[in-house]
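> First the structure, then my questions, so here it is.
The values are calculated or read from the model by the stated rules, or taken from the named source; none is laboratory data. All values reported here derive from a predicted model rather than from experimental measurement. Because the Cβ atoms are built from the backbone with ideal geometry, glycine has one as well, and the counts that use them run over all protein chains shown. Just the protein is used for accessible areas: all its heavy atoms, side chains included, with ligands, DNA and RNA removed. Shrake-Rupley method; radii C 1.70, N 1.55, O 1.52, S 1.80 Å.
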Amino acid sequence: MVRIFKGSEMNFQEANSFEQFRLETAVPRISGQAESSHMMFDLRRLNPGHYSFPYHFHRNAEELFAIFSGSATLRSPQGFQQVSAGDVIFFGMEEHGAHQLYNNTDEPCIYLDIRTLREIDITEYPDSGKMNIFPEREIFVKPSQVGYFHGEENVAAKWKKA
């Protein structure tokens, strides 16, 4: 199947609304319209003075941004860099692929956000210590991590109850 999504026909809506995190996403979401099986992709608009998402990385997904118009500052493990129209940025899995955008300009930054789609992804947020399990969107604070056998003491008694 071939699908063409006309930029002139895109309507943007806030994807998240929390203080300075006011990223807008084209609706209806284009990867849903395309019925994609292996990729998630969204056209995003980041308005001046706003951040995209909290600083994060994916354990089981790669991500790519293609900047269509405007510019923003990218935060990554390599530091802060200006990205502009025509730039393509790849984010690998794990800590070295952490990222966040901030629009420090007077113009909107419009970009295509493409992610690989697997059954389960865990997103980690280094600034807040959270973990998010997708697609369920179950969010936990990482410091509560326990060992594999935590709570498994006295297994024989549990067998007797069963």
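> Counting only protein heavy atoms, what percent of the accessible surface of the chain is carbon or sulfur at a 1.4 Å probe?
Numbers: 5690 of 10320 Å².
Reported share for carbon and sulfur atoms: 55 percent.
> Going 7 Å from the Cα of Asp127 along its beta-carbon direction, which residues of segment 80-100 have the amide nitrogen within less than 11 Å of the resulting point?
99-100, by backbone N distance to the label point.
> Still on this structure, please answer the following. For Val83, what accessible area in Å² do you get when you roll a 1.4 Å probe over the heavy atoms of the protein chains, rounding to the nearest 10?
Counting only protein heavy atoms, Val83 exposes about 10 Å² to solvent.
> May I pose another question? Can you sort Phe57, Phe41, Phe5 by solvent-accessible area, 1.4 Å probe, largest first?
Greatest to least solvent exposure: Phe5, Phe41, Phe57.
> Pick from Ile120, Ile67, Ile110: which is most flexible by mean-square fluctuation in a GNM of the chain where alpha carbon atoms under 10 Å apart are linked?
Looking only at Ile120, Ile67, Ile110, the biggest GNM fluctuation is shown by Ile120.
> Multiply the residue gap between Lys6 and Phe80 by 0.36 nm, knock off their C-alpha separation, and tell me the result in nm, one decimal place.
Numbers: separation 74, 0.36 × 74 = 26.64 nm, distance 3.20 nm.
Taking 0.36 nm per residue and subtracting the Cα distance, the gain is 23.4 nm.
> Could you pull out the GluC sites (Glu not before Pro) across segment 76-162 that fall in loop regions by DSSP (anything but H, G, I, E, B) with no more than 14 other Cβ atoms inside 10 Å?
Glu94, Glu119, Glu136, Glu152, Glu153
> Which whole-number percent is the relative contact order of segment 12-91 (Cα, under 8 Å, 6+ apart)?
22
> Can you tell me the accessible area per residue over the chain, all protein chains present, probe 1.4 angstrom, in square angstrom?
Ligands and nucleic acids excluded, the figure is 64 Å² per residue.
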